[in-house]
């Protein structure tokens, strides 16, 4: 049971890191877009780029979280003896 608890703790920590990095990137991008908002084409380009990168970062973060969930479920099945 200790092994499963260790896996759960590691998964929780990694998810926290993933979503903290995502949030930090979102806030940083918003600050940059706000700073260059009044610069004609640069502001528009920055906002478009930020939106595209935000979508890609969100997809990546969700996929990473799902992979961690699968790893956690596999460890749970292994500990409980539910492997099939």
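Points worth noting:
- For the chain: relative contact order, % (alpha-carbon pairs under 8 angstrom, 6 or more apart): 47
- Between the Cα long axis of helix 2-35 and the first principal axis of the chain there is an angle of about 0°, rounded to the nearest 10.
- Taking the longest Cα principal axis of the chain as reference, the axis of helix 40-80 is set at about 0 degrees.
- Candidate values (i) 18.8, 62; (ii) 18.8, 64; (iii) 11.7, 35, label of the one derived for Rg and Dmax of the Cα atoms in Å: (i)
No value in this document is a laboratory result; all are computed from the given coordinates. Source: prediction; values computed, not measured.
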